[in-house]
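Below is one structure, written out as structure tokens; the observations come after it.
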Amino acid sequence: MGFEAPIAPTLALPRVEPVPGEALSSWLVRIAHRQLLSLHEVGWEIGVELHEGDRNPDRAALAGITARTGRSIAELEAMVHPAFLKSAAPAGLPVPLAWAVCRSCLQEDMAIERPPHVRVNWTHPLATCCPTHREPLVPHGQAGVDLVGDPTNEGWTHASEPLDLNIARMQPEELRLGEASAALIESRSPAAQELLRVWTREVLDVVDALCTQMNICMGRGPLMSGLEMRWGQVSTRGGSAELRTAAAYEISTAARLSHVRAAMRIVGAPGCPPTPDPALAQWVEECARLSVPKARQRALKYASLDPLILVALALPVTSFHLMGARAEHWSPHGEARWRAAATVAAFSGFA
């Protein structure tokens, strides 16, 4: 293979053509499979882990891939979502653990004898559904199609994981928001990308809040567990004592999908109020009866108008103030909503 030649294009032959719209990591995995190399061996050759290029495509990383594959920087950048070319994000879990995929798209690939591959738009953290088939994305291991294959999987058996019905089914509101995010992710216009950037910040900040232990007055466990219990889903266990940073890139793909979908229901579409959720409103009323002095319960009657108020009520004091600092970088509409939520939380004695 010529490992002794540090700048030789050792991965260029046999030539593996990227599929239009394919993610960089997906293409590198197909190269590994074609050359009977493990993912670690390919990563050693290019100088970075395979998943680094998807969300943290710095020039040094792309230069290493260019040297080994013989492809230009422009060709590689075409396999990275523009959002990460402008602002790198944590790479997150290694490939294939980080992949979220559409089962129908992969089945169509196989039906027309096209290489099954991960789409570049699926690498964005707000990607939760496929707009073509109007179905949710699922973790790679639950797709029923092995995108890694022997010998590159190195013992992984994620292609045979059972399908998580909490992930494989979407509520109508989740589907609506998922299609809205897919439209922004697919668009390459500067205006759409700026709207996506701000919305991503808001949603991922709320994901961090969902991973945080609730205020003891609200319950036990992370805030996400309380939402899931009221939505009739399996509750998430464990949580952080403090507000995390970029938790969406650290948790499993299944957890990321469920947390992002929940966060989008709380945040709503860009510039639009979220759809009222009776289950969340009932939870706030329960907390009001049990924990808030009667003289202040009047303030919580407004909580059903905005589920973001529930986040403000549930966060411990330190995390509450950290969230307020983050909200200063939200959209004007989102920042105004958080200020209103913080006012209710403070007046109610939670913050």
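The values are calculated or read from the model by the stated rules, or taken from the named source; none is laboratory data. Note that the structure is predicted; figures quoted are calculated from it, not measured. Reconstructed Cβ throughout: ideal geometry from the backbone, glycine too, with neighbour counts over all protein chains shown. Heavy atoms of the whole protein, side chains included, go into the accessibility calculation; ligands, DNA and RNA do not. Shrake-Rupley method; radii C 1.70, N 1.55, O 1.52, S 1.80 Å.
Quick notes on this structure:
- Ordering R34, R169, R103, R201 by accessible surface, largest first, gives R169, R34, R201, R103; the 1.4 Å probe counts only protein heavy atoms, with every chain in place.
- Those residues of region 118-132 whose amide nitrogen sits under 15 Å from the label point placed on A183, 7 Å along Cα→Cβ: 129-132
- Counting only protein chain heavy atoms and rolling a 1.4 Å probe, the accessible areas of H321, H81, H51, H133 rank, largest first, as H321, H133, H51, H81.
- Packing, taken as the mean count of other beta carbons within 10 Å per residue, orders the peptides 66-78, 183-195 from highest to lowest as 66-78, 183-195.
- Förster-model FRET efficiency, 30 Å R0, Q193 and L36, C-beta, rounded to 0.05: 0.20
- Distance between the pseudo-spin-label points of N166 and S72 (7 Å out from Cα toward the beta carbon): 4.7 nm.
- Spin-label model distance (nm) - E335 vs W231, 7 Å beyond Cα toward Cβ: 2.9 nm
- The slack between S104 and D58, meaning 0.36 nm per residue of separation minus the straight C-alpha distance, is 13.3 nm.
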